[in-house]
1. List residues of the stretch 111-135, by number, whose backbone nitrogen lies under 12 Å from a label position 7 Å along Cα→C-beta of residue 39.
2. Return the sequence-ordered ³J(HN,Hα) values of the stretch 90-99 in whole Hz as given by the Karplus equation 6.51 cos²θ - 1.76 cosθ + 1.60 applied to θ = phi - 60°, using x for Gly and Pro.
3. In whole Hz and in residue order, list the ³J(HN,Hα) couplings for the stretch 39-51 that follow from phi through the Karplus curve 6.51 cos²θ - 1.76 cosθ + 1.60, θ = phi - 60°; x for Gly and Pro.
Amino acid sequence: MNRLLAILATSAVLTAGGAAAQGTAFAADGASGPAGPGLCVTGYHGVVVNDICATVSGDQVTFYGQSSPGSLGWTARTVPYRLTASVVGGATLGTITPSVLISHSGTGVGRITVTAPCGSTVTGSLETTEWGWPPATASITVPVGC
């Protein structure tokens with residue numbers, strides 16, 4: 001419970017730090033996993049557990065996801081995902097929809113790098129899109145301070 005409160009408090013502080021922005025650039029690459037130290041949030045613990053992380057460098061924000069099985073009885077399978085970046089209160093900056101083989105450990109899901117104006121706030125969201133499963137979503141909001 002304390003971890004959930006810490007996550008919610010961090011998200012509220014980060015959300016309060018910025019304003020809506022327009023005019024951004026979007027890039028996605030096939031690489032996944034950490035780009036370096038960043039802020040990470042764990043989402044709903046359902047069939048899979050999703051984590052989303054963000055790193056900010058100047059006006060560049062990179063969101064990357066990781067997913068792991070939600071139970072010990074997991075059978076390795078390919079799972080479809082949606083990784084989205086958007087400006088708070090504004091436009092979607094980019095979306096990728098990878099399908100990733102999730103084995104018995106944490107697996108990188110994807111990466112989106114966006115360019116946003118200084119002073120804006122950007123949100124990244126990672127969700128499973130497997131039909132018939134309950135939603136497993138993780139979201140993170142970061143300010144672009146430059």
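Nothing in this text is a laboratory measurement; each read-out follows from the coordinates by a stated rule. Predicted model, so just to flag it, every value in this text is computed and none were measured. All Cβ positions, even for glycine, are placed from backbone atoms using ideal geometry, and neighbour counts span all protein chains on display.
1. Once the point is set 7 Å along Cα→Cβ of residue 39, 121-124 turn out to lie under 12 Å by backbone N, inside the stretch 111-135.
2. With the stated coefficients, the stretch 90-99 comes to x, 6, 6, 8, x, 9, 10, 10, x, 10 Hz.
3. Here the 3J(HN,Hα) series is 8, 10, 9, 9, x, 4, 8, x, 4, 10, 10, 9, 10 Hz.
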